[in-house]
Structure formats: structure tokens, C-alpha cells
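Scroll down for the structure; my scribbles are underneath it.
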Amino acid sequence: MEIRKTMVPSSRKGGLIKGAREREYIYFTVTFNRFRDVSGSTAHEVLDREQPAECECVLCLPDNYSETGEQTPLILSFHGAGGRVCEAENLIGGVNYVEECIEAGYAALDVCGAEPHGLTMGCPEHLFAAYKAYRYAIKHFNLSESVLVAGASMGGHTAMNFAHTFPGIVTAIGMFYPRLNMDGVTVDGHYCIGTWDKTAHAEGKPSTHDRIVDIYRFPTDEWCEANTIGFNPYRIRSFIGADGKRVTIPPCPIKIWQGTADTTVDPIMVEEFVNSVRRSGSYIELHMMEGVAHKISPVMRAEILMWFNRFI
């Protein structure tokens with residue numbers, strides 16, 4: 001069932017999103033299989049199974065959307081760790097990141113994720129839910145089957161993982177200050193903190209570290225490399241070259257916007273990711289923004305539209 005609401009969306013802190021205009025947002029729910037086989041094989045036993053779960057989604061169509069004629073380009077715009085999709089609270093997740101794109105004629109879609117809090121960090125369940133939402137959107141609306149993918153912060157983690165998991169449908173990626181390393185990485189003697197290193201608890205809630213143990217199904221509190229394979233952006237489709245440096249092969253062109261004053265996502269790690277992609281001979285752009293912290297700036301919003309315009 002769809003719920004259509006014409007509104008100015010709310011921020012995660014409860015107020016209205018500054019600068020957002022009133023639009024119609026379409027909320028719907030998809031069912032996906034959240035089961036993940038992380039156990040060893042056994043004889044005469046079917047280990048895989050259907051474990052249905054529901055995920056709330058939101059779609060925003062541009063003013064010039066038409067049910068007939070040329071398909072409207074679609075952006076999957078994934079929220080960061082502080083975002084959610086929630087109709088009851090007028091929350092639209094990462095759809096807000098691409099407001100200028102919607103104004104220019106793009107549709108945008110995001111999903112809450114595999115857990116109600118949305119802090120699912122690009123885990124398999126989040127991606128399967130996002131794919132189901134994508135299938136629902138292109139089935140019921142006149143939208144392009146090839147998509148553009150956006151994300152900010154932890155949403156960048158989800159964006160990269162989605163593109164690697166479903167490369168046949170993703171044309172290009174645009175990310176604001178993306179989280180790209182789940183575990184810590186040392187670059188030229190500088191240690192870049194990974195998501196795994198974030199062990200602080202806030203307001204009695206589980207730490208980011210503890211959430212990784214939970215949503216990636218680690219058997220213990222120790223790092224489990226096997227359970228993150230395919231979902232840790234800096235390591236996906238990569239190898240260590242003869243010079244000892246990592247080489248990363250992306251599924252499509254990428255552009256990243258990163259502030260030098262960001263203390264949440266290490267700019268050095270983002271530069272290393274860009275360099276690892278360039279070592280493979282693949283195309284990636286980086287706009288390093290002097291003095292900008294962990295937030296979306298007007299320049300980012302304007303440039304992601306110009307970036308995506310290249311691919312439609």
C-alpha cells in the first residue's frame with residue numbers, strides 16, 4: 001500500500017529540512033529475504049531459507065514526471081548513519097541529498113534499511129531491501145531501469161556496495177564524504193579509523209562497533225573478515241599490487257566530494273580510495289574542498305546534478 005504525502009520533510013532532529021520545498025512523497029513497504037547463510041555446509045540439509053522482513057521506502061517524483069513517454073531518470077540516494085525513512089515522522093532519508101536533481105527532473109528513492117534505526121551500513125540485507133524497492137519503483141512508475149546511485153557518509157558505503165552487488169543496473173555513482181573502510185587502514189604511516197573502531201556508546205545505544213557484530217552476523221566480538229567480504233568498499237574487487245599498494249576496480253564511473261576539515265570521515269582515506277581506483281586505470285573524480293567539514297554544501301548539491309547529467 002502506498003501513502004502519498006505533500007509536505008516539507010522533517011530533519012532527523014524533528015524540525016523541517018532547511019531549504020527543502022513542499023513536494024509529494026510516496027511511501028511504500030517492500031518485503032525482502034533477510035536470511036544470510038554464514039554457516040558451514042552440512043549434508044542432507046537445506047541451509048538457505050526464506051526469512052521475510054519488511055522495509056519502509058520513500059520515492060519522490062519530479063514535477064515534470066509523466067506516466068507515459070520518456071522514462072524519468074532514477075537516483076537511488078542512500079542515507080547516512082543518522083538518517084531514516086519513516087512516513088510517521090516525515091523522514092525521507094537520503095532523498096534530501098539530491099533535492100537539486102529532483103528539481104531538474106530526476107526521481108529519487110531511499111529505503112530505511114534492514115533495521116528500523118537505519119544504521120545498516122551497507123549490509124547484505126539493506127542492499128536486498130533496496131533492490132526490492134528499486135524493482136517496485138520501476139514496475140509501478142515510468143522510471144529508468146538503469147539507475148544513478150548517491151550517498152553521503154555511511155550512505156556512501158551503501159552506495160558502493162549496491163553498485164558492486166548489482167553492477168548491471170548502476171550507471172554512475174556520486175558520493176559526499178563517503179565511509180569507505182569498515183576496518184582501519186594505514187596510509188603512508190597515517191592510521192585511518194574504520195567504522196569498526198567506533199566503540200563509543202551514546203545514550204545507552206549500541207556502539208557502531210557492536211552494530212557491525214550484529215548486522216554482519218559475526219560469530220564473536222572479534223573482527224570476522226569472511227562475513228564482510230563483498231561489503232567492505234575499499235576491499236571489494238581489489239588486490240595488492242607488486243608495489244604493495246591496493247588496486248580497486250569499480251563497477252562504473254565515480255565522483256566524490258570530500259572536505260579537508262572532516263573529522264568523521266578521514267580525507268586521507270578518501271584520497272587513498274581514489275588513488276586505489278586510479279591504480280586500476282579506472283575513472284574516478286575527487287573534489288577535495290578546503291575547510292569543509294562533515295556536511296553537504298551548496299557546491300556539492302550543484303555539482304552532483306552536473307555529474308549525473310553526464311549519464312542520461
Comparing Pro251, Pro206, Pro73, which has the greatest mean-square fluctuation in the GNM of the chain with Cα pairs linked when under 10 Å apart? Pro206
9 Å beta-carbon shell around Val58, net charge (K/R +1, D/E -1): -3
Taking amide H positions as placed in the peptide plane 1.01 Å from N, state which residues far from Val85 in sequence (5 or more) or on other chains have amide H under 5 Å from it. Cys112
Cα-derived Rg over Rh, computed across the stretch 129-252 with Rh taken as Kirkwood radius: 1.01
What net charge is computed for the residues neighbouring Leu143, neighbours being all others with C-beta under 13 Å from the C-beta of Leu143, Lys and Arg scored +1, Asp and Glu -1? -1
Relative contact order %, the stretch 180-312, counting alpha carbon pairs below 8 Å whose residues are six or more apart: 19 percent
Mean-square fluctuation check for the chain, GNM, Cα pairs under 10 Å: which of Gly259, Gly14, Gly82 is largest? Gly14
For Met1, Met160, Met154, order by how many other beta-carbon atoms lie within 10 Å, fewest first: Met1, Met154, Met160
Other-chain or far-sequence residues with amide H under 5 Å of Ser11's (modelled H): Leu16, Ile17
At what distance in angstrom do the alpha carbon centres of the stretch 177-221 and the stretch 3-20 lie from each other? 30 Å
Using only the Cα atoms, work out Rg/Rh for the stretch 2-62, with Rh taken as the Kirkwood radius, to two decimals. 1.28
Treating only the Cβ atoms of Lys and Arg (+1) and Asp and Glu (-1) as charged, compute the dipole magnitude of the chain about its Cα centre; round to the nearest 20 debye. 260 debye
Which trypsin sites (Lys or Arg not before Pro) in the stretch 1-51 sit in a loop by DSSP (not H, G, I, E or B) and have at most 14 other Cβ atoms within 10 Å of their own Cβ? Lys13, Lys18, Arg21, Arg49
Could you line up Cys224, Cys192 from fewest to most neighbouring Cβ atoms inside 10 Å? Cys224, Cys192
Scattering curve values for the stretch 201-257, log₁₀ I(q)/I(0), Debye with Cα scatterers, q = 0.16, 0.18, 0.21, 0.27 Å⁻¹: -0.71, -0.81, -0.91, -1.05
Would you calculate the convex hull of the Cα atoms in the chain and tell me its volume per residue in Å³? 152 Å³
Mind sorting Phe273, Phe311, Phe32 by how few other Cβ atoms lie within 10 Å of their own Cβ, fewest first? Phe311, Phe32, Phe273
Share of Cα-Cα pairs in the stretch 76-183 lying beyond 17 Å, as whole percent: 48 percent
Rank Tyr191, Tyr65, Tyr131 by mean-square fluctuation in a GNM of the chain with C-alpha springs under 10 angstrom and give only the top-ranked residue. Tyr191
Residues with beta-carbon under 11 Å from that of Arg84, excluding Arg84: net charge, scoring Lys, Arg +1 and Asp, Glu -1? -4
What does the convex hull of the Cα atoms come to per residue for the stretch 1-106, in Å³? 155 Å³
Assigning unit charges at the beta carbon (Lys, Arg +1; Asp, Glu -1) and nothing else, what dipole magnitude in debye, to the nearest 20, does the stretch 224-294 show about its Cα centre? 340 debye
How large is the dipole of the stretch 89-222 about the Cα centre if only Lys and Arg carry +1 and Asp and Glu carry -1, each at its Cβ, rounded to the nearest 20 debye? 380 debye
Just to confirm the filter: which GluC sites (Glu not before Pro) across the stretch 140-245 are DSSP coil and have at most 10 other Cβ within 10 angstrom of their Cβ? Glu203, Glu222
Using DSSP, restrict attention to beta bridges with both residues in the chain and report what percent are antiparallel, rounded to the nearest 5. 50 percent
Restricting to bridges with both residues inside the stretch 106-247, how much of the DSSP beta-bridge set is antiparallel, in percent to the nearest 5? 45 percent
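All of the numbers you see were taken from the coordinates with simple rules; none came from a lab. Keep in mind that what you see is a predicted model, and the values were worked out from it rather than measured. FYI the Cβ positions are ideal-geometry reconstructions off the backbone, even for glycines, and counts take in every protein chain you see.
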